[in-house]
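What follows is a short report on a single structure.
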Amino acid sequence: MAQTYRLSLTGMSCASCVGRVERVVGATEGVTDAVVNLATESVSVTAQPSVLPVLVQKLSEAGYPIVQAQTRLQVDGMTCASCVGRVERVLLAQGGVVAASVNLATQTATVTYLEGAVQPAALAKAVTAAGYETHEAQSGGTANTERKAREEKALIRATLIAGALTLPVFLGEMLGHFIPGVHHWIARTIGLQTSWLIQFVLITLVMIGPGLRFYQKGLPALMRAAPDMNSLVAIGTLAAWGYSTLALFMPSIFPQGTRAVYFEAAGVIVVLSLLGRLLEARAKGRTGAAIKRLVGLQPATASVLRDGAFVEVPLTAVLSGDEVQLRPGARVAVDGIVTTGRSFVDESMISGEPVPVEKTEGAEVIGGTINGTSALTFRATAVGADTVLAQIIAMVENAQGAKLPIQSMVDRITGVFVPVVMGIAALTVLIWLVFGPDPALGLALVSGVSVLIIACPCAMGLATPTSIMVGTGRAAELGVLFRKGDALQGLQDAEVIALDKTGTLTAGQPALTSLVLAQGWDRDEVLRFVAAVEAQSEHPIARAIVRAAGKAELPTVDAFDTVTGMGARGTVDGRSVLVGADRFMAQEGIGLGSLADVGHGLARDGATPLFAAIDGQIVAAIGVSDPIKPETPAAIQAFQALGLKVAMITGDNQLTADAIARRLGIDHVVAEVMPSGKVAALEALRAANGRVAFVGDGINDAPALAAADTGIAIGTGTDVAIEAADVVLMSGALTGAVNAFAISRATMRNIKQNLFWAFAYNAALIPVAAGILYPVTGTFLSPMLAAGAMAMSSVFVISNALRLRRFAPAAYALTAPQKGENP
């Protein structure tokens, strides 16, 4: 059925654009009507939903791509990988949906759709109609936490009630197996028929009470030909309960000696399934601990200036531009600029850096950080969803909801897993009925139910998302934010780490790094004279020398003059002072003496050499350079310990780049390149070595960050660089990139362990449940043991993922396996 969609476009600027869009849309088969509006930059299209993907491609090729939006939906009631696949199929079937990724661990769906073609509310309604209560998710709020707490309480209550009702049945049957006298005692006292009737009543209460959730979800799913984990439990327990009920009330239909009941199996399966869900819910709650801690960094109130006085107001009432008072030891409420006061602020929870940062007038403060021992007043610059903390929470949530490429294999298997298991169970029953010894019907029932119950698609569905949740959460605690979830896998596959120089390897700001004096001169005196002259200049090198003089009072300078490309001169306290390059000194007829060799050495080390002369006499050789960050050498060694080839790509001159590469032990250098040249350099590295990750911080790094297989932006860099990156480091330290690589490898290794367990568990135990050991050992796998194994399988996967919470990046970097070694 044709529908009308109002699609937002980009790139339309004139009437010619309107005509071109109309021609492209009108020529698309299946479109019955199209109206283009330049003012609103939109097109109203009447067409079949199946036409939308074709329109997306054609308009994009024409230069007018349709605007896409993204939403996160909270999907309740998903229990296994089959549910994930079903929800994704429902979402992708909606007209206008471009992509859908469903996460079992977070119970969320991330949907990319064409803006105007469909609304999030309509998507939620479609998923709800498929049997999963759905609504738009709240980012970083408490609603999800409260919902999970209510679910956990309900599971505790259901498990306790089911356990209390099942325990008498279980004890009566099990004790009878181990102590024959118990069965005789029951037969003599209340009678076997009465005992079975009591079991029937108790287990029926279990199934229509605490166990009702399995039938409410599993049976409708079965009727839709889309069985899931609930369907397996429902069929297994109903088979045991139904067989037992017939044996109780219609004994004549059973051959002599084959009449038996399995009420205890049905009850214990429900109890253990509920217990497994409870343990799973608790463990999944712990996987989201990182988000909870981030949300917990936000204070509930702030002290804001209102009508001339500071008053406590809720955090939601703080507006951009408000004056906020920050008491000693308090958490910063929102982002802002300090207006009065001086203090040290602990930013470790945001950047991962342990040393408090000094804050004075004009300094930025970040919401969620902790003030030191002095009071501050600041002006709010970002509130609500615009704060750094809110954006971090959003990034972590997006990364945790991501679906990695490795998940595609799991999706293909889980798509057919439950139907295959049901087929195996049916085949098992048939084989036992045809070839099994007496009582064949009872043995067939036990084996078929065991196969249904022991199969665990939950473990397969949780294997990847739980590890992603814990891994990205731990990364956030270490100051590493994965903007795009697939970067978690991409970093693990990288062979080369390419690094920008300025601001990444170095501080990004020139500094005085050497001051070698001629004999007989005092350092403080020379620096004072030189800084006084350079204070008159705006050149970055001059600024570096002035900063080196610190807060020393500089004398007055007379007759200041600059010589372009050479240096500067001035008169200080009646003495002539010259500062500049060696050619400036030569022009002025001043010999460098032994300091000439010092200047050559500074140049070889990558510094800019300058010289100072007072009253025509050479007094000092000065080295100004962009100093290497203190943590950079250790980071380079850690990259190499991880088996990565380290390359530097910079726009600086070759001499300086080679000098820094020698000092740091960098393997490959590409220097004197423009921003577009960095992209070409990355492509050459990729062709020669394989996948490349690039670390940068500036606007000029944005093309390279976007072109790399994985782009990593230094958090102290520009917004443009951060937007182009896949991973953001909250601090300026390169060790954050080491942490990103290390936790990527640890998380992917954890995912592979989980997947191996989930698949090996099912591959090994389904045949055992079918009775493959009976001809050899004469033993069966009881449905009750099958239920316990099924519950423990999911708990094992989640518990293994939780080990990532103890991830220690420094230790990992030193002991990391090389490429090709077994981890």
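The values are calculated or read from the model by the stated rules, or taken from the named source; none is laboratory data. Because the structure is predicted, anything quoted here is derived from the model rather than measured. Every residue, glycine among them, receives a Cβ derived from its backbone with ideal geometry; neighbour counts consider all protein chains shown. For the accessible areas, the whole protein counts, side chains as well, though only heavy atoms, and no ligand, DNA or RNA atoms are used. Shrake-Rupley method; radii C 1.70, N 1.55, O 1.52, S 1.80 Å.
Just to check your reading of the model, which residue among PRO783, PRO775, PRO767 is buried (at least 17 other Cβ atoms within 10 Å of the Cβ) and farther than 30 Å from GLU347 by Cα?
The match here is PRO783.
Please find, among MET748, MET792, MET784, the residue that is more than 27 Å from LEU274 (Cβ to Cβ) and among the hydrophobic types (A, V, I, L, M, F, W, C).
The match here is MET748.
Suppose we keep only residues that are within 50 Å of the chain's Cα centre (by Cα) and charged (D, E, K, R) within region 581-610. Which one would you say is least open to solvent (accessible area, probe 1.4 Å)?
Among those residues, the one meeting the criterion is ASP605.
Quick check: is even one residue across region 733-745 over 30 Å from GLY508 (Cα atoms), in contact (Cβ under 8 Å) with a residue 60 or more places away in the chain, of a type in the set (S, T, N, Q) and open to solvent by less than 20 Å² (accessible area, probe 1.4 Å)?
The answer is no, given that none of the residues of region 733-745 is over 30 Å from GLY508 (Cα atoms), in contact (Cβ under 8 Å) with a residue 60 or more places away in the chain, of a type in the set (S, T, N, Q) and open to solvent by less than 20 Å² (accessible area, probe 1.4 Å).
For ILE743, indicate whether it is over 30 Å from TYR262 (Cβ atoms), modelled with pLDDT of 85 or more, part of a helix (DSSP H, G or I) and in contact with a helix residue (DSSP H, G or I) (Cβ under 8 Å, 6 or more places away or on another chain).
So ILE743 fits the description; yes.
Quick one: would you say LEU272 is touching a residue at least 60 places away in the same chain (Cβ under 8 Å), farther than 18 Å from PHE417 by Cβ, out of contact with any strand residue (DSSP E or B) (no Cβ under 8 Å at 6 or more places or on another chain) and open to solvent by 30 Å² or more (accessible area, probe 1.4 Å)?
Considered against the rule, which asks whether it is touching a residue at least 60 places away in the same chain (Cβ under 8 Å), farther than 18 Å from PHE417 by Cβ, out of contact with any strand residue (DSSP E or B) (no Cβ under 8 Å at 6 or more places or on another chain) and open to solvent by 30 Å² or more (accessible area, probe 1.4 Å), LEU272 comes out as yes.
Are any of the residues in region 782-789 in a loop (DSSP other than H, G, I, E, B) and at pLDDT below 75?
Looking through region 782-789, at least one residue is in a loop (DSSP other than H, G, I, E, B) and at pLDDT below 75.
Counting only residues that are more than 25 Å from GLU151 (Cα to Cα), give me the strands (runs of 3 or more DSSP E) lying completely in region 94-137 with at least 1 of them.
Per the criteria, 97-103, 108-114.
Checking ALA552 against (1) within 19 Å of LEU517 (Cβ to Cβ); (2) open to solvent by less than 20 Å² (accessible area, probe 1.4 Å): exactly one of these is not met. Which one?
Here ALA552 clears every test but (2).
Among the listed residues VAL332, VAL357, VAL338, VAL388, which satisfies the condition of being closer than 25 Å to ALA476 by Cβ, modelled with pLDDT of 90 or more and buried (at least 17 other Cβ atoms within 10 Å of the Cβ)?
VAL332
Taking LEU802 as meeting all but one of (1) closer than 24 Å to ALA475 by Cβ; (2) at pLDDT 85 or above; (3) not in a helix (DSSP H, G or I), write down the number of the exception.
Here LEU802 meets the rest and fails (3).
Can you give me the number of residues within region 65-98 that are more than 30 Å from VAL795 (Cα to Cα) and small (Gly, Ala, Ser)?
4
Within region 617-632, can you find the residues that are touching a Gly at 6+ places or on another chain (Cβ under 8 Å) and either without any contact (Cβ under 8 Å) to a residue 24 or more places away in the chain or more than 16 Å from SER594 (Cβ to Cβ) (or both)?
Scanning region 617-632 gives SER625, ASP626, LYS629.
In the list GLY218, GLY209, GLY276, GLY236, which residue meets the criterion of being under 13 Å from ALA158 (Cβ atoms) and under 38 Å from the mean Cα position of the chain (by Cα)?
Sole residue among the options that is under 13 Å from ALA158 (Cβ atoms) and under 38 Å from the mean Cα position of the chain (by Cα): GLY276.
Having 3 or more residues that are more than 30 Å from ALA684 (Cβ to Cβ) and in contact (Cβ under 8 Å) with a residue 12 or more places away in the chain is the bar; report the strands (runs of 3 or more DSSP E) wholly within region 473-560 that clear it.
Here the list reads 511-517.
Go through region 683-736 and give me each residue that's at pLDDT 90 or above, assigned to a helix (DSSP H, G or I) and under 28 Å from SER348 (Cα atoms).
Of everything in region 683-736, nothing turns out to be at pLDDT 90 or above, assigned to a helix (DSSP H, G or I) and under 28 Å from SER348 (Cα atoms).
Could you check, for region 295-310, whether at least one of its residues is surrounded by fewer than 16 Cβ atoms within 10 Å (Cβ to Cβ), in a strand (DSSP E or B), β-branched (Val, Ile, Thr) and touching a Leu at 6+ places or on another chain (Cβ under 8 Å)?
Looking for residues that are surrounded by fewer than 16 Cβ atoms within 10 Å (Cβ to Cβ), in a strand (DSSP E or B), β-branched (Val, Ile, Thr) and touching a Leu at 6+ places or on another chain (Cβ under 8 Å), one finds at least one in region 295-310, hence yes.
To keep it simple, each residue is scored yes or no on (1) under 27 Å from VAL797 (Cβ atoms); (2) in contact (Cβ under 8 Å) with a residue 40 or more places away in the chain; (3) of a type in the set (Lys, Arg); (4) surrounded by fewer than 23 Cβ atoms within 10 Å (Cβ to Cβ).
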position: MET409; (1), (2), (3), (4): yes, no, no, yes
position: THR428; (1), (2), (3), (4): yes, yes, no, no
position: PHE435; (1), (2), (3), (4): no, no, no, yes
position: LEU441; (1), (2), (3), (4): no, yes, no, yes
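For region 791-799, check the following and say yes or no: at least one residue is assigned to a helix (DSSP H, G or I), farther than 30 Å from ILE424 by Cβ and in contact (Cβ under 8 Å) with a residue 12 or more places away in the chain.
no
How about region 747-764: which of its residues are hydrophobic (A, V, I, L, M, F, W, C) and crowded, with 24+ Cβ neighbours inside 10 Å?
ILE751, ALA758
For region 164-186, check the following and say yes or no: at least one residue is in contact with a Pro (Cβ under 6 Å, 6 or more places away or on another chain), modelled with pLDDT of 80 or more and outside any loop (DSSP other than H, G, I, E, B).
No, every residue in region 164-186 fails to be in contact with a Pro (Cβ under 6 Å, 6 or more places away or on another chain), modelled with pLDDT of 80 or more and outside any loop (DSSP other than H, G, I, E, B).
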